[in-house]
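Novice: This is the structure I want to talk about, given as structure tokens.
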Amino acid sequence: MPELPEVESYRLLAEGAALGRRISAVEVLDPRYLRSGNGIDVAGALVGHAFLAARRIGKLALLDTDGGATLGMHFGMTGTLLVDDRAGVDGLLYTAHDRSPVHERFVLRFADGGRLAMHDPRRFGRVEVDPDESRLGVDLLEVTPRQLGEVLGSSRAPLKARLLDQSLLAGTGNLIADEALWRAGLDPARQAGSLRPAEIRRLHRHLAATIDLLLSRGGSHLGDLLPARRPDGRCPRDGAALERRTVGGRTTFSCPLHQH
DNA sequence: ATTGTGGCCTGCCCGC
DNA sequence: TGCGGGCAGGCCACAA
């Protein structure tokens with residue numbers, strides 16, 4: 001699913017194509033897609049209003065309306081944002097070949113006849129009005145070395161698990177975590193609190209470089225490690241057989257030769 | 001409190 | 001060719 005680069009492309013799409021258009025209708029095609037713990041009436045909050053700004057915190061896209069309400073969109077593992085049937089990114093696995101309307105879960109109609117839709121075959125995504133933004137930690141694009149040190153803290157959890165904890169560091173997904181740790185030469189399973197200051201700085205540098213690279217390439221699935229993320233995969237750097245494990249509950253590939 | 005696990009869903013790929 | 005099992009980039013509730 002979308003990691004930060006994909007959600008950023010959705011944000012850019014919304015910013016360029018959805019701002020200033022009056023919303024005329026809300027279609028919740030899948031009732032479970034609505035996360036309505038705060039009891040806010042989605043249609044009531046959106047209809048008649050227009051979006052003023054498109055923001056993003058981690059993997060959460062946020063559209064602020066001129067009525068004061070904010071539409072929050074999570075894309076789960078297979079979600080895509082469509083505006084007037086243009087997609088935010090191409091080449092997303094699982095959805096690239098199939099944008100069948102039956103997989104649309106949430107649609108906004110604009111008074112000008114256009115539409116904004118969330119397409120999500122696997123239905124792990126969610127929409128919510130006025131989501132609690134404080135649930136999310138510092139955004140991966142903005143984290144400082146000092147903040148990264150605080151994210152890791154003295155935790156005994158695996159390093160990778162901490163990087164994936166959205167309440168601490170927002171935006172890191174499984175692929176980006178593997179790619180950055182591979183580049184930084186750090187073992188994903190190491191206790192987070194065991195990193196020395198120099199290693200934290202190194203990790204910060206490689207996280208930043210990784211996200212910049214993937215943003216410029218246009219997708220979290222375009223990393224250098226990704227082609228080797230398969231059985232019998234070999235480290236693109238030194239040719240060693242990659243190790244495949246579950247770390248932090250997620251499938252993890254790493255190089256036993258240069259990641260410590 | 002922190003850390004780990006199962007479950008949510010659907011589609012694809014592989015092996016039999 | 002058909003079918004079952006395993007697997008997938010996220011997140012949440014719950015258990016220990």
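Novice: Quickly run through region A:112-140 and pick out the residues that are small (G, A, S) and within 14 Å of DNA strand C (Cβ to nearest atom). Before you say what the answer is, go through the steps one by one.
Specialist: Step one: of region A:112-140, the residues small (G, A, S) are A:113-114, A:117, A:125, A:134, A:137.
Answer for region A:112-140, where residues must be small (G, A, S) and within 14 Å of DNA strand C (Cβ to nearest atom): A:G125, A:S134, A:G137.
Novice: Does A:Q166 satisfy the condition of being in a helix (DSSP H, G or I), among the polar types (S, T, N, Q), surrounded by fewer than 22 Cβ atoms within 10 Å (Cβ to Cβ) and out of contact with any Asp or Glu (no Cβ under 9 Å at 6 or more places or on another chain)? Please lay out each step first, then the result.
Specialist: Working: in a helix (DSSP H, G or I): no; among the polar types (S, T, N, Q): yes; surrounded by fewer than 22 Cβ atoms within 10 Å (Cβ to Cβ): yes; out of contact with any Asp or Glu (no Cβ under 9 Å at 6 or more places or on another chain): yes.
Criteria not met by A:Q166.
Novice: In region A:58-80, what count of residues is obtained for those that are part of a loop (DSSP other than H, G, I, E, B) and either on the phi < 0 side of the Ramachandran plot or surrounded by fewer than 20 Cβ atoms within 10 Å (Cβ to Cβ) (or both)?
Specialist: So the first thing to find is which residues in region A:58-80 are part of a loop (DSSP other than H, G, I, E, B), and the list is A:58-59, A:66-69, A:75-79.
Those left that are additionally either on the phi < 0 side of the Ramachandran plot or surrounded by fewer than 20 Cβ atoms within 10 Å (Cβ to Cβ) (or both): A:59, A:66-69, A:75-79.
Summing the residues that are part of a loop (DSSP other than H, G, I, E, B) and either on the phi < 0 side of the Ramachandran plot or surrounded by fewer than 20 Cβ atoms within 10 Å (Cβ to Cβ) (or both) in region A:58-80 gives 10.
Novice: A further question on this structure: Which of the residues spanning region A:195-207 are touching a residue at least 12 places away in the same chain (Cβ under 8 Å) and part of a helix (DSSP H, G or I)?
Specialist: Step one: filter region A:195-207 for residues touching a residue at least 12 places away in the same chain (Cβ under 8 Å), giving A:195, A:197, A:199-207.
Residues satisfying the conditions are A:P197, A:E199, A:I200, A:R201, A:R202, A:L203, A:H204, A:R205, A:H206, A:L207.
Novice: Can you name the residue in region A:131-147 that is assigned to a helix (DSSP H, G or I) and within 16 Å of DNA strand B (Cβ to nearest atom) and is also farthest from A:R35 (Cα to Cα) among such residues? Steps first, answer last, please.
Specialist: Narrowing region A:131-147 to residues assigned to a helix (DSSP H, G or I): A:133-135, A:145-147.
Filter once more, keeping what is within 16 Å of DNA strand B (Cβ to nearest atom): A:134-135.
On the way: A:S134: 16, A:R135: 15 Å.
Once the filter is applied, the top-ranked residue is A:S134.
Novice: When region A:1-51 is examined, which residues are found to be within 16 Å of DNA strand B (Cβ to nearest atom) and free of Cβ contacts under 8 Å to residues at least 40 places away in the same chain?
Specialist: Kept after step one, since they are within 16 Å of DNA strand B (Cβ to nearest atom), are these residues of region A:1-51: A:1-2, A:28-37.
Correct list: A:P31 only.
Novice: So which of A:R230, A:R156 ends up being modelled with pLDDT under 95, in a loop (DSSP other than H, G, I, E, B), basic (K, R) and surrounded by fewer than 16 Cβ atoms within 10 Å (Cβ to Cβ)? Step through it out loud before you land on a result.
Specialist: Working: A:R156 fails: modelled with pLDDT under 95.
That would be A:R230, the only listed residue that is modelled with pLDDT under 95, in a loop (DSSP other than H, G, I, E, B), basic (K, R) and surrounded by fewer than 16 Cβ atoms within 10 Å (Cβ to Cβ).
The values are calculated or read from the model by the stated rules, or taken from the named source; none is laboratory data. Note that the structure is predicted; figures quoted are calculated from it, not measured. No Cβ is skipped: glycine too gets one built from the backbone with ideal geometry, and neighbour counts run over all protein chains shown.
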